[in-house]
Amino acid sequence: MANPLAAALHKLLDAEVPLFSSQFTPAQRRQIDSVRQKMGGIACQIQGNSIRYQLTDRQRILNYLRHIQPEIITAEHAHLPQRAQNIGQSRHSKSAQHAHQSSYVLLKSISENVIWQQQEPQPQQQLKLTELTAQYGVAALKIHPDDSWSSEQPLWLVENQALFDQLDWLPPDATGSLLYYAGQLSNRLLDWLAAKPRCSALILFADYDGVGLSNFVRLKQRCPDAQFWLMPDWQDKIVRYGNPSIWQNTHDDFVRAYAQMLQQHNGQPDTALQKIATDNDVLALCQQLQQHGSALEQEAVWW
C-alpha cells in the first residue's frame, strides 16, 4: 500500500493486541505520531526500551481512515486504470504510481509502402501507414513495451511540430516513418523503443541545444544504434541563425549531456556512450555550439 498513513491505520485496526513500533516503517511511525497528537484515538505506551501503539477510539480512527481512503482496492478493481484506483485509495489520482500503462504516438509515412505490423496476438495486425497518411494526414498507434509492433523501414523522431507538418526538409532519399514527440522523449516511448527492434534504423532530429543533446544521450543509452541527424550546412547555420538565449537557457543540460558522452562507468566505458564519443560529427557539433555560444533550432533546416 503506497500511503504510509493508510497502511499504518489498517495495521492498527486489524491487530487485536498493541503493536510494537518496530512493526511499522519509519514513515508509518511518523504518520501515527502525527495523528495521535492531532486527533487522538491512538495511545503510545513505553515498556522498557520498546514503544507500543494501541487504539483507544477505534471508531474515530476508522472514520478517519474512510475519510482519507474512500475505497479499499481489491482484485475486482484490478481492471481500473491506475489513476482511478489512486482516487479510490487516497482521493488523488497522482498519490501513488500514476503512469498510464499504455501510450500513444503520432506517425506519418514519408515514403511508399510503409507498414507497421504486430505478430502477436494472433491474427497478425497491420497499420498501413502510407494509406492512412494519404487519407487522414496522420495515424496514431497505441504502444506498450510488451507489444510487437515493428516496421521494416527507418523511424525518424522530431521534436517540433513544424517539421512533422511539412516534410520538404527531409533528404530526398529518406524513407520510413516520422514520429512526433513534444520536447522531451518520454520514458514510455524509450521503454517501447528499447524493448525490441522496432525499425531498420532509428534517427533523431532534435534541436541543437542542451535539451536535444540530452534526449539523444537518453535515446542512445537505451538504443545504441540510434543516429543523430545533422542538417546540411549546419556549421554555417550555427553562425548565421544560432540563438545565444536558447544556448544559455539549456546550457546546464548541454554540459551534462556532453559529459555523459565521455564518461566512464566504474572504470569501464559505457559502450553506447562510447559510440557517441567516437562519432566525430556529434562531437564536432558540440564543439561548434560551445565555440559560438549559440543553439540552433530545427526550423533552421529550411534556410
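The values are calculated or read from the model by the stated rules, or taken from the named source; none is laboratory data. Note that the structure is a prediction, hence the values are computed from the model and not measured. Backbone-built Cβ (ideal geometry, glycine too); neighbour counts: all protein chains shown. The area values use the complete protein model at the heavy-atom level, side chains included, leaving out ligands, DNA and RNA. Shrake-Rupley method; radii C 1.70, N 1.55, O 1.52, S 1.80 Å.
Of the residues L273, L296, L230, which is within 26 Å of the chain's Cα centre (by Cα), within 24 Å of C199 (Cβ to Cβ) and at pLDDT 95 or above? Give the steps one after another, and end with the answer.
Details: L273 fails: at pLDDT 95 or above; L296 fails: within 24 Å of C199 (Cβ to Cβ).
On inspection, the qualifying residue turns out to be L230.
Here are some residues: D147, D165. Which one is open to solvent by less than 30 Å² (accessible area, probe 1.4 Å) and either over 23 Å from A206 (Cβ atoms) or without any contact (Cβ under 8 Å) to a residue 24 or more places away in the chain (or both)?
Answer to the check: D147.
Are any of the residues in segment 35-56 surrounded by 13 or more Cβ atoms within 10 Å (Cβ to Cβ), in a helix (DSSP H, G or I) and in contact with a Leu (Cβ under 9 Å, 6 or more places away or on another chain)? So that I can check it myself, show each step before the final result.
Taking segment 35-56 as the starting set, the residues that turn out to be surrounded by 13 or more Cβ atoms within 10 Å (Cβ to Cβ) are 35-36, 41-44, 51-55.
Next cut, in a helix (DSSP H, G or I) only: 35-36.
Imposing the further condition that a residue be in contact with a Leu (Cβ under 9 Å, 6 or more places away or on another chain) reduces the set to 35.
Within segment 35-56, one or more residues are surrounded by 13 or more Cβ atoms within 10 Å (Cβ to Cβ), in a helix (DSSP H, G or I) and in contact with a Leu (Cβ under 9 Å, 6 or more places away or on another chain).
Is one or more of the residues making up segment 213-220 surrounded by 14 or more Cβ atoms within 10 Å (Cβ to Cβ), within 24 Å of the chain's Cα centre (by Cα) and among the polar types (S, T, N, Q)?
Applying the first criterion (surrounded by 14 or more Cβ atoms within 10 Å (Cβ to Cβ)) to segment 213-220 yields 213-220.
Right, trim to within 24 Å of the chain's Cα centre (by Cα) and you get 213-220.
Checking the rest, the ones that are also among the polar types (S, T, N, Q) come to 214-215.
Looking for residues that are surrounded by 14 or more Cβ atoms within 10 Å (Cβ to Cβ), within 24 Å of the chain's Cα centre (by Cα) and among the polar types (S, T, N, Q), one finds at least one in segment 213-220, hence yes.
Which count do you get for residues in segment 277-287 that are modelled with pLDDT of 90 or more and either open to solvent by 50 Å² or more (accessible area, probe 1.4 Å) or not in a helix (DSSP H, G or I) (or both)?
Total meeting the criteria: 1.
Which members of segment 11-28 meet the condition of being farther than 17 Å from I68 by Cβ, outside any loop (DSSP other than H, G, I, E, B) and either touching a Pro at 6+ places or on another chain (Cβ under 9 Å) or open to solvent by 70 Å² or more (accessible area, probe 1.4 Å) (or both)?
Hits for segment 11-28 are F20, S22, Q23, P26.
Determine, yes or no, whether L202 is hydrophobic (A, V, I, L, M, F, W, C) and either surrounded by fewer than 20 Cβ atoms within 10 Å (Cβ to Cβ) or modelled with pLDDT of 95 or more (or both). Can you show your working first?
Working: hydrophobic (A, V, I, L, M, F, W, C): yes; either surrounded by fewer than 20 Cβ atoms within 10 Å (Cβ to Cβ) or modelled with pLDDT of 95 or more (or both): yes.
Here the answer is yes, as L202 does meet what is asked.
Is it the case that some residue within segment 159-170 is within 18 Å of A140 (Cα to Cα), within 19 Å of the chain's Cα centre (by Cα) and in a loop (DSSP other than H, G, I, E, B)?
So far as segment 159-170 goes, yes, one or more of its residues are within 18 Å of A140 (Cα to Cα), within 19 Å of the chain's Cα centre (by Cα) and in a loop (DSSP other than H, G, I, E, B).
Quick test for you: out of G137, G176, pick the one residue that is modelled with pLDDT of 95 or more, on the phi > 0 side of the Ramachandran plot and either basic (K, R) or open to solvent by 10 Å² or more (accessible area, probe 1.4 Å) (or both). Let's see the steps before the verdict.
Values: G176 fails: either basic (K, R) or open to solvent by 10 Å² or more (accessible area, probe 1.4 Å) (or both).
Criteria check complete, one pass: G137.
Kindly indicate which of A182, A195, A139 is free of Cβ contacts under 8 Å to residues at least 40 places away in the same chain and within 17 Å of Q118 (Cβ to Cβ). Walk me through it before giving the result.
Numbers: A182 fails: within 17 Å of Q118 (Cβ to Cβ); A195 fails: free of Cβ contacts under 8 Å to residues at least 40 places away in the same chain.
Unique residue meeting the criteria: A139.
If a residue has to be in a helix (DSSP H, G or I) and farther than 18 Å from V158 by Cα to count, how many in segment 222-245 make the cut? Don't jump to the end; show me each part of the working.
Residues of segment 222-245 that are in a helix (DSSP H, G or I), as a first pass: 222, 234-241, 244-245.
From what is left, the residues that are farther than 18 Å from V158 by Cα are 235-241, 244-245.
Counting residues in segment 222-245 that are in a helix (DSSP H, G or I) and farther than 18 Å from V158 by Cα gives 9.
Would you check if T175 is more than 23 Å from V217 (Cα to Cα) and outside any loop (DSSP other than H, G, I, E, B)? Break it down stepwise before answering.
On the way: more than 23 Å from V217 (Cα to Cα): yes; outside any loop (DSSP other than H, G, I, E, B): no.
When the stated conditions are applied, T175 does not pass them.
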